[in-house]
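Worksheet: one structure, shown below.
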Amino acid sequence: MKSFLQDLVGVRELDERIDALIAEHLVQDASASAIAFSTYRKWNELGWSEAHDYLVATSNFPFVDYSKGGQEVDKSRMRGFALESPDETRSLARKGAKVATLPTVRSALEELSLTSEGGALKEKLLRTAAVAVLPLEWRRSRTPGRSHMRRTSPSGGSRHPTELYLLALDVPDLARGIYHFSIESGDIGFVAEAPSDEILSRNMIGAFRLAAPPRAVFILTTHFQRNMYRYREPRTFRTLYLDAGHLGGLIESVCEAQGLMAHGHHGFQDSFVADLVKSDGLAIESPTYLVSVGLASEVRDGVRIIGESRLRP
């Protein structure tokens, strides 16, 4: 190919044109391309081809200096994003048929401050979910788009990309299965029946490391669109785990404040859990964290309790 081009434009002119293309990062030399393709093959083997494409596309995203007018640059970018596509998504619609309604977050917080460690497991779990994900209030966006929710856990840019599900294993008055908590409506949807404990323990090994037999497992997933609309650089992935970590810690604390045992873990098979919650694909909604919940009275003999969370008075 190079010999053919040399015949058309000459050696010197061809070299100059190739150097110009390289300078503009429009082409790479063969060794760099080989490395890039090798990296892609490795990521693709792990099922991360879309993540690789996103990383490549955003690797040179221009960061702004917030000490030198960065806020105005940010606002200008968000207005541009809104012209391309409206910023409307704040949560996923309820999955499955409605089976119940969560208490409001304020009533759940009031009950939490008054209720002793007694009470039904089902009510404690629903109270925990309400405190964790329901909006406390809505604030008007400073850029075009829907208002942003304020929840009890923090979130970068108030994007709140985390969705919450419950895998009910042995909860009185709650059928065994997977449930989705609808953030905006406060409804609880029945997503699907749960597989056997044997299948679950093979694919969600972290959920069964609780010191007591797990009665239920909270499943936290990330809906990428909500976060990536605002944060389009590669480091956006860091904030996703900060969000999930804050929410997971809150769930542990609220459970333990009600006399339950809770322990967070990320030992699970991603695609298996994604299928459980009826995700539309790992590139759209991906499981991020698990919090297993059991009864303190059922702690197995000789099992060491790992970690402890407490709410501040």
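Taken as a whole, the condition of being out of contact with any helix residue (DSSP H, G or I) (no Cβ under 8 Å at 6 or more places or on another chain), closer than 21 Å to A168 by Cβ and hydrophobic (A, V, I, L, M, F, W, C) applies to A97.
Of the residues R146, R151, R140, the single one that is in contact with a helix residue (DSSP H, G or I) (Cβ under 7 Å, 6 or more places away or on another chain) and of a type in the set (K, R) is R151. In the range 187-290, counting only strands (runs of 3 or more DSSP E) that sit wholly within it, the ones holding 1 or more residues that are touching a Cys at 6+ places or on another chain (Cβ under 7 Å) span 260-265. The residues of the range 232-268 that are within 18 Å of L109 (Cα to Cα), among the polar types (S, T, N, Q) and either surrounded by fewer than 20 Cβ atoms within 10 Å (Cβ to Cβ) or without any contact (Cβ under 8 Å) to a residue 24 or more places away in the chain (or both) amount to a single one, S253.
Scan the range 208-220 and give yes if some residue there is of a type in the set (G, A, S), out of contact with any Ser or Thr (no Cβ under 6 Å at 6 or more places or on another chain) and either surrounded by fewer than 23 Cβ atoms within 10 Å (Cβ to Cβ) or on the phi > 0 side of the Ramachandran plot (or both), otherwise no. Yes - at least one qualifying residue is present in the range 208-220. Number of residues in the range 133-163 that are surrounded by fewer than 18 Cβ atoms within 10 Å (Cβ to Cβ) and not in a loop (DSSP other than H, G, I, E, B) equals 7. Identify, please: which residue in the range 27-49 is at pLDDT 70 or above and not in a helix (DSSP H, G or I) and is, among those, farthest from G281 (Cα to Cα)? Result: L46. Would you confirm whether or not the range 113-132 contains a residue that is out of contact with any Ser or Thr (no Cβ under 8 Å at 6 or more places or on another chain), surrounded by 14 or more Cβ atoms within 10 Å (Cβ to Cβ), more than 22 Å from S253 (Cα to Cα) and assigned by TED's automatic domain parsing to the domain that holds A207? Checking the range 113-132: not a single residue is out of contact with any Ser or Thr (no Cβ under 8 Å at 6 or more places or on another chain), surrounded by 14 or more Cβ atoms within 10 Å (Cβ to Cβ), more than 22 Å from S253 (Cα to Cα) and assigned by TED's automatic domain parsing to the domain that holds A207.
Applying the criterion of being in contact with a strand residue (DSSP E or B) (Cβ under 9 Å, 6 or more places away or on another chain) and surrounded by fewer than 22 Cβ atoms within 10 Å (Cβ to Cβ) to the residues of the range 190-207, the residue that is nearest to E285 (Cα to Cα) is V191.
With respect to (1) surrounded by 14 or more Cβ atoms within 10 Å (Cβ to Cβ); (2) within 18 Å of Y229 (Cα to Cα); (3) hydrophobic (A, V, I, L, M, F, W, C), the lone exception for L83 is condition (1). Across the range 269-279, the qualifying residues are those that are touching a residue at least 60 places away in the same chain (Cβ under 8 Å) and not aliphatic (A, V, I, L, M), and the one among them that is surrounded by the fewest Cβ atoms within 10 Å (Cβ to Cβ) is Q269. Taking each residue of the range 125-151 that is acidic (D, E) and looking for partners that are outside any loop (DSSP other than H, G, I, E, B) and surrounded by 14 or more Cβ atoms within 10 Å (Cβ to Cβ) with beta-carbon atoms closer than 6 Å, six or more apart or interchain, yields E137/R150. Selection of the range 113-125 for residues being under 18 Å from A296 (Cα atoms) and either among the hydrophobic types (A, V, I, L, M, F, W, C) or modelled with pLDDT under 90 (or both) yields T115, S116, E117, G118, G119, A120, L121, L125.
Considering only residues in the range 280-295 that are of a type outside the set (A, V, I, L, M), under 12 Å from the mean Cα position of the chain (by Cα) and closer than 15 Å to L167 by Cα, the one that is surrounded by the most Cβ atoms within 10 Å (Cβ to Cβ) turns out to be P287.
The values are calculated or read from the model by the stated rules, or taken from the named source; none is laboratory data. In this text, all values refer to a predicted model and were calculated from it rather than measured experimentally. We place every Cβ from the backbone using ideal geometry, glycine too, and count neighbours over all the protein chains shown.
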